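Q: Below you will find the structure I want to go over with you.
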Amino acid sequence: MRFLVPAALGLAALAGPLVVLYMLRSKRRPEQVPSTMLWREIGEPVSSAVPWRPLKLTWLLILQLLILALFVLSLARPFVAEATVLGPHTVFVIDTSGSMAMAGRFEQARAAALDLAEDVSEANLASVVEAGPHPTVRVAFSADPEAVAEAIRSLRPGGGAEDLSTALRLARGLAAPDRETTVVIFSDGGPASLPEEPVVGASHMVFDDHASNLAISGFDAEPSTEGTIRVFVQVENHGADTRTIEVAIDIDGLPTGSTEMTVEGLSAAQEVVPVPAGPGSVVTARLVEANDALPLDDRADLVVGGGADRRVAVVGAGSPFLTALLESTPGVSIGDPDVADMLIVDGGPLPEIDRPTWLIRPETAPDGMDLVGLERNLAVTFSRPGDPVLDGVDLSDTVIAEAQRIETLTWLPLVSSGDTPLILLGEVNGHRVVYTTFDLTHSNLVVQVAFPILGANLLQWLGGGEAVSVSTEPAGTPIGLLTPVGHRARITLPSGDVQEVAPDAATFNATDEPGVYVIEYIDETGSVASSEVAVRRFVPSESSGPSREIAVAPAPGESADEGFLIREWSPWIVAAALALMALEWWVGHQRPGFRRREVTA
Amino acid sequence: MLLEPRLRAQLERLALGVRGRVTAQWAGRHSSTRLGESLDFADYRPYQPGDDYRRIDHNLRARLGIVMVRQFEAEQELPLDIVVDLSASMEMHGKEHSARALAAMIAYMGLASGDRVRLWAIPGDGSRTEAQGPAGRHLSAWPLLEDWLESRPTGGPGTLRSLGRRLASTGGAVVLVTDLLVEEWREVLDGLAPTAGGLVLHVLAREELYPPMAGDLDLVDSETGAKLAVSMSEDALRGYQKAVEDFALEASRRSRRAGLDYLLVEAGQGAAERTLEGLARREVVR
């Protein structure tokens with residue numbers, strides 16, 4: 001036991017005067033009694049000429065010495081130092097990504113954080129950073145354990161991917177010059193990229209409980225040949241066992257049908273289901289009785305869109321597959337190259353890029369790209385994760401007979417086979433350009449389910465056509481707001497909660513929850529002037545529940561277990577002293593041991 | 001009013017029990033030390049000239065040939081002397097009020113049963129150690145006795161020595177209503193020998209039995225003014241209580257040896273009722 005104010009122990013010297021008071025005789029007070037006859041018979045020396053008397057140890061003296069000792073002890077503020085991860089200032093970085101919703105990871109992390117928050121005090125300040133898609137500081141430099149606990153309790157896992165790098169930057173930004181700052185990361189590690197080097201001055205509490213999980217990893221809509229809508233559903237099985245699952249389809253919340261899918265372990269299955277949905281309909285796919293570890297990814301939504309047709313012209317060889325693609329893509333019509341809004345150049349010489357263009361293995365490469373040769377017999381080995389163009393697209397079975405070998409620094413490889421890019425995204429003369437290094441007819445892509453989805457997504461990206469479904473972004477992606485002057489925006493969340501947005505806000509960021517967001521613009525009279533919808537989906541990479549241990553290292557000049565918690569005893573000691581004071585009062589006034597014996601008749 | 005009407009009505013049905021025979025002038029209902037005219041046969045004695053012929057036992061004369069005269073018990077009134085202590089020590093803690101009420105209770109009971117009641121008080125007027133109060137044989141004398149008891153002043157040093165000697169061999173009964181806080185209390189009790197017994201009502205206040213005192217004190221004797229330094233420690237208080245118990249036990253023992261009943265009475269509200277109940281339980285009153 002150590003003391004914060006050891007000098008206060010000097011007050012123990014007050015015990016001396018207290019003892020002296022017990023040895024001094026007080027001035028006698030006259031008291032008239034009927035007779036002193038009986039008092040003379042008590043046989044005890046009751047008076048003395050000297051002003052002091054021998055010290056007689058009484059219960060009162062013992063209690064008063066104890067009370068004095070306890071008060072002196074409490075003023076000296078004794079404490080014990082307990083080892084803890086808490087430092088003078090601790091930043092709780094709590095992962096709220098979708099993978100944390102798996103198998104009680106988040107509940108465990110929250111419980112651990114709340115446990116630590118109980119020790120927050122003036123000597124151990126705490127801050128809380130939510131590490132979701134948009135890391136935010138929930139509480140900063142708080143000495144109030146309840147405020148910290150409340151901030152922790154308010155956190156919920158969403159459907160997005162964590163941005164631990166930004167969260168750690170935020171945590172570092174909270175470092176105070178006069179207090180050593182420690183970062184405690186409550187996370188499963190997740191798939192997010194972090195610097196290779198260890199995070200200095202941090203500790204990582206890993207929550208990696210895992211269980212079998214089924215996820216809707218792809219959900220999109222396309223027009224059918226009959227002019228209706230078909231939805232594409234991809235279910236991914238992250239468990240080892242084959243699962244058969246019923247996928248229910250709802251339109252505007254009403255069940256309209258279902259399909260049964262069998263998904264082998266650690267693989268995916270796709271299904272296309274026609275639905276009687278029209279523009280503006282909300283289509284929902286649900287896994288019925290999935291009984292898996294992550295319920296958040298058992299549901300996906302889309303909103304059927306619509307809009308003016310865009311004219312697309314095919315230049316070059318062309319193919320029936322391209323024609324079928326353009327005919328089946330809603331919002332797109334085949335037009336004359338001179339007036340087309342977008343070009344598809346299928347082989348041949350490279351034309352002048354004056355509009356959005358999809359280049360399919362042209363003879364020469366555009367700016368920023370060098371053709372260095374040809375590659376044969378290729379399979380897709382890389383698809384850029386999380387890119388909306390590849391949303392719902394499975395290219396794992398795609399093989400290519402021959403492709404150009406490209407070297408570029410400025411184009412973005414979307415799909416590759418080893419070092420050989422197969423599909424690239426770029427910009428030429430201020431126009432978006434898709435570059436495909438292989439002839440579509442020299443691959444099996446055109447006969448796969450993924451082709452119309454990939455084609456529709458590419459056309460959407462190019463801006464050459466309005467997709468059938470409203471753009472679906474990963475959870476956490478902000479919703480852009482175009483609030484007219486004098487209006488305000490009101491957002492209805494997937495949970496049904498309604499949030500008002502400040503009139504000057506350009507984005508709405510609280511989009512961690514997967515589902516449909518309804519944005520309404522309210523005019524001055526309180527009427528809804530216009531409205532739109534946005535859809536946020538569970539990030540598929542979170543469904544597998546990836547976990548890993550983040551490399552951490554102690555801050556320079558300290559060991560990893562240097563943190564300690566000062567636990568003071570003073571409150572307990574004061575409470576004991578007060579209890580003893582009550583006992584002392586009782587002893588002083590009730591005189592235990594002097595029991596009255598009734599002597600009257 | 002010293003006695004409540006309800007208590008007086010109760011007292012009219014009771015009488016003080018007497019242990020021995022009385023010696024008095026007037027006929028009454030208590031057995032006398034003399035022989036007299038009652039119906040209770042006492043003894044024979046030889047006939048002497050002048051004896052009443054009607055008392056000759058003719059059956060005895062016919063059977064034995066001797067002339068014997070029958071003698072009978074005499075019944076006389078009970079002389080009841082009631083001493084109430086109104087000294088300064090009784091003045092504290094309301095003891096004197098209880099003492100007046102107790103004396104009044106005994107006096108009323110005596111008057112109601114035809115006893116010759118005589119009141120005494122200590123201290124007396126001026127330098128006298130005792131004051132003799134009025135006497136009476138019937139309830140008609142009660143207002144006089146009550147008035148005297150109520151009006152008797154309190155205070156001054158009290159002594160029982162003189163009155164004790166005076167009442168030592170009375171032919172009746174003696175009732176002492178006192179706290180016995182006088183140095184000579186032992187010799188007074190030892191010296192009393194009333195032929196008809198009596199009663200000691202030992203009146204002490206609760207503050208004397210369980211003194212609520214603490215700290216270092218100079219105790220001042222209310223009668224003598226003498227001081228005694230006492231530190232009110234637990235031991236001192238315990239010792240005092242032991243002294244009180246011993247005091248009461250010894251007073252009880254000495255009273256009984258003198259032929260007196262003894263009752264320790266705690267002064268205060270209802271002392272007369274409590275005392276009457278205690279006396280009835282001991283069959284001192286019937």
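Q: If I go through segment B:165-208 residue by residue, how many of them are in a helix (DSSP H, G or I) and out of contact with any Leu (no Cβ under 6 Å at 6 or more places or on another chain)? Write out each step before concluding.
A: Step one: of segment B:165-208, the residues in a helix (DSSP H, G or I) are B:165-167, B:185-191, B:206-208.
Filter again for out of contact with any Leu (no Cβ under 6 Å at 6 or more places or on another chain), leaving B:165-167, B:185-187, B:189-191, B:206-208.
Number of matching residues: 12.
Q: Sticking with this one: Determine, yes or no, whether B:GLU150 is within 11 Å of chain A (Cβ to nearest Cβ) and under 23 Å from B:HIS97 (Cα atoms).
A: Details: within 11 Å of chain A (Cβ to nearest Cβ): no; under 23 Å from B:HIS97 (Cα atoms): yes.
Taking the combined requirement at face value, the residue does not satisfy it.
Q: Name the single residue, out of those in segment B:83-115 being of a type in the set (D, E, K, R) and surrounded by 22 or more Cβ atoms within 10 Å (Cβ to Cβ), that is nearest to the other protein chains (Cβ to nearest Cβ). Break it down into steps so the answer makes sense when it comes.
A: Of all residues in segment B:83-115, those of a type in the set (D, E, K, R) come to B:85, B:91, B:95-96, B:100, B:115.
Okay, now just the ones that are also surrounded by 22 or more Cβ atoms within 10 Å (Cβ to Cβ), so B:85, B:95-96, B:100, B:115.
Working: B:ASP85: 11, B:LYS95: 7, B:GLU96: 11, B:ARG100: 16, B:ASP115: 24 Å.
The selected residue is B:LYS95.
Q: Got a sec? Which of B:GLU187, B:GLU207 is in contact with a His (Cβ under 8 Å, 6 or more places away or on another chain) and either at negative phi or within 8 Å of chain A (Cβ to nearest Cβ) (or both)? Before the answer, list the steps.
A: On the way: B:GLU187 fails: in contact with a His (Cβ under 8 Å, 6 or more places away or on another chain).
After ruling out the rest, the residue left standing is B:GLU207.
Q: Something else: Select, from B:GLU273, B:GLU283, B:GLU277, B:GLU250, the only residue that is modelled with pLDDT under 85, over 30 Å from A:TRP59 (Cα atoms) and more than 8 Å from chain A (Cβ to nearest Cβ).
A: Values: B:GLU273 fails: modelled with pLDDT under 85; B:GLU277 fails: modelled with pLDDT under 85; B:GLU250 fails: modelled with pLDDT under 85.
Result: B:GLU283 is the single residue among B:GLU273, B:GLU283, B:GLU277, B:GLU250 that is modelled with pLDDT under 85, over 30 Å from A:TRP59 (Cα atoms) and more than 8 Å from chain A (Cβ to nearest Cβ).
Q: Does B:VAL244 satisfy the criteria of being within 23 Å of B:VAL83 (Cβ to Cβ), in contact with a strand residue (DSSP E or B) (Cβ under 7 Å, 6 or more places away or on another chain) and at the interface with chain A (Cβ under 8 Å from one of its Cβ atoms)? Spell out the reasoning first.
A: Numbers: within 23 Å of B:VAL83 (Cβ to Cβ): yes; in contact with a strand residue (DSSP E or B) (Cβ under 7 Å, 6 or more places away or on another chain): no; at the interface with chain A (Cβ under 8 Å from one of its Cβ atoms): yes.
No; evaluated as a whole, the condition is false for this residue.
Q: If you don't mind, another one. Check B:ARG165, B:ARG118, B:ARG137 and return the single one that is under 13 Å from the mean Cα position of the chain (by Cα), more than 14 Å from chain A (Cβ to nearest Cβ) and of a type in the set (Lys, Arg).
A: After ruling out the rest, the residue left standing is B:ARG118.
Q: If only one of A:ALA167, A:ALA126, A:ALA176 is surrounded by fewer than 17 Cβ atoms within 10 Å (Cβ to Cβ), out of contact with any Asp or Glu (no Cβ under 6 Å at 6 or more places or on another chain) and either in contact (Cβ under 8 Å) with a residue 24 or more places away in the chain or aromatic (Phe, Trp, Tyr) (or both), which one is it?
A: A:ALA176
Q: Search segment A:380-402 for residues that are basic (Lys, Arg) and pair each with any residue that is assigned to a strand (DSSP E or B) when their beta-carbon atoms are under 8 Å apart and the residues are at least 6 apart or on different chains.
A: So the pair list comes out as A:ARG384/A:LEU412; A:ARG384/A:PRO413; A:ARG384/A:LEU414; A:ARG384/A:VAL415.
Q: Just need a number here: residues in segment A:240-267 that are assigned to a strand (DSSP E or B) and under 19 Å from A:ASN291 (Cβ atoms). Don't jump to the end; show me each part of the working.
A: Of the residues in segment A:240-267, the ones assigned to a strand (DSSP E or B) are A:243-251, A:254-263.
Now drop any that are not under 19 Å from A:ASN291 (Cβ atoms), which leaves A:243-248, A:258-263.
Looking only at that region, the number is 12.
Q: Could you tell me which residue of segment A:344-365 is surrounded by the fewest Cβ atoms within 10 Å (Cβ to Cβ), considering only residues that are under 23 Å from A:ASN444 (Cα atoms) and within 43 Å of the chain's Cα centre (by Cα)?
A: So in segment A:344-365, the residues under 23 Å from A:ASN444 (Cα atoms) come out as A:344-348, A:357-363.
In the following step, the residues that additionally are within 43 Å of the chain's Cα centre (by Cα) were identified as A:344, A:357-361.
On the way: A:ILE344: 28, A:THR357: 26, A:TRP358: 24, A:LEU359: 27, A:ILE360: 26, A:ARG361: 21.
So the residue we want is A:ARG361.
Q: For segment A:521-552, which residues satisfy the criterion of being outside any strand (DSSP E or B) and among the aliphatic types (A, V, I, L, M)? Steps first, answer last, please.
A: Filtering segment A:521-552 for residues outside any strand (DSSP E or B) gives A:523-527, A:538-546, A:548-551.
Scanning segment A:521-552 gives A:VAL539, A:ILE550, A:ALA551.
Q: Where the second residue is surrounded by fewer than 18 Cβ atoms within 10 Å (Cβ to Cβ) and the first is more than 7 Å from every other protein chain (Cβ to nearest Cβ) and lies in segment B:214-232, which pairs have Cβ atoms under 7 Å and are six or more apart or on separate chains?
A: Partner pairs satisfying both residue conditions: B:THR224/B:PRO157; B:LYS227/B:ASP218; B:LYS227/B:VAL220; B:MET232/B:MET213; B:MET232/B:ALA214; B:MET232/B:GLY215.
Q: Just to be sure, is A:LEU565 modelled with pLDDT of 85 or more, in contact with a Leu (Cβ under 9 Å, 6 or more places away or on another chain) and of a type outside the set (Phe, Trp, Tyr)?
A: Numbers: modelled with pLDDT of 85 or more: no; in contact with a Leu (Cβ under 9 Å, 6 or more places away or on another chain): yes; of a type outside the set (Phe, Trp, Tyr): yes.
No; evaluated as a whole, the condition is false for this residue.
Quick grid of which residues meet (1) among the acidic types (Asp, Glu); (2) not assigned by TED's automatic domain parsing to the domain that holds B:GLY164:
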| residue | (1), (2) |
| --- | --- |
| B:ASP52 | yes, yes |
| B:HIS58 | no, yes |
| B:ARG61 | no, yes |
| B:VAL67 | no, yes |
| B:ARG70 | no, yes |
| B:ILE82 | no, no |
| B:ALA88 | no, no |
| B:GLU91 | yes, no |
| B:HIS97 | no, no |
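Q: Something else now. Which condition number does A:GLU222 fail, the rest of (1) acidic (Asp, Glu); (2) over 30 Å from A:ALA340 (Cα atoms); (3) at pLDDT below 90 being met?
A: (2)
Q: Restricting segment A:394-418 to residues that are at pLDDT 85 or above and part of a loop (DSSP other than H, G, I, E, B), which is farthest from A:ASP301 (Cα to Cα)?
A: Going through the qualifying residues, I end up with A:GLY418.
Q: Only one of A:ILE334, A:ILE344 is at pLDDT 90 or above and out of contact with any His (no Cβ under 6 Å at 6 or more places or on another chain); which?
A: Values: A:ILE334 fails: at pLDDT 90 or above.
Only one candidate qualifies: A:ILE344.
Q: Another question about this same structure. List pairs: first residue in segment A:20-36 and more than 7 Å from every other protein chain (Cβ to nearest Cβ), second residue modelled with pLDDT under 85 and part of a strand (DSSP E or B) anywhere in the structure, Cβ distance under 9 angstrom, at least six positions apart or on different chains.
A: Once the first residue is more than 7 Å from every other protein chain (Cβ to nearest Cβ) and sits in segment A:20-36, its partners that are modelled with pLDDT under 85 and part of a strand (DSSP E or B) give A:VAL20/A:TRP52; A:MET23/A:TRP52; A:LEU24/A:TRP52; A:LYS27/B:ASP216.
Q: Still on this structure, I have one more. Of (1) surrounded by 21 or more Cβ atoms within 10 Å (Cβ to Cβ); (2) at pLDDT below 85, A:SER97 satisfies all except one. Which?
A: (2) is the only condition that A:SER97 fails.
Q: Given the residues B:GLY197, B:GLY239, B:GLY156, B:GLY172, which is the only one that is under 21 Å from B:ALA88 (Cα atoms) and among the small types (Gly, Ala, Ser)? Write out each step before concluding.
A: Values: B:GLY197 fails: under 21 Å from B:ALA88 (Cα atoms); B:GLY239 fails: under 21 Å from B:ALA88 (Cα atoms); B:GLY172 fails: under 21 Å from B:ALA88 (Cα atoms).
Of B:GLY197, B:GLY239, B:GLY156, B:GLY172, the one residue that is under 21 Å from B:ALA88 (Cα atoms) and among the small types (Gly, Ala, Ser) is B:GLY156.
Q: Any idea which residue in segment B:211-263 is surrounded by the fewest Cβ atoms within 10 Å (Cβ to Cβ), counting only those that are assigned to a loop (DSSP other than H, G, I, E, B) and small (Gly, Ala, Ser)?
A: Filtering segment B:211-263 for residues assigned to a loop (DSSP other than H, G, I, E, B) gives B:211-214, B:222-226, B:233, B:258-259.
Among the residues that remain, those that are also small (Gly, Ala, Ser) are: B:214, B:222, B:225-226, B:233, B:258-259.
On the way: B:ALA214: 14, B:SER222: 21, B:GLY225: 10, B:ALA226: 13, B:SER233: 17, B:ALA258: 20, B:GLY259: 17.
So the residue we want is B:GLY225.
The values are calculated or read from the model by the stated rules, or taken from the named source; none is laboratory data. Source: prediction; values computed, not measured. Cβ sites come from the backbone with ideal geometry, for glycine too, and all protein chains shown count toward neighbours.
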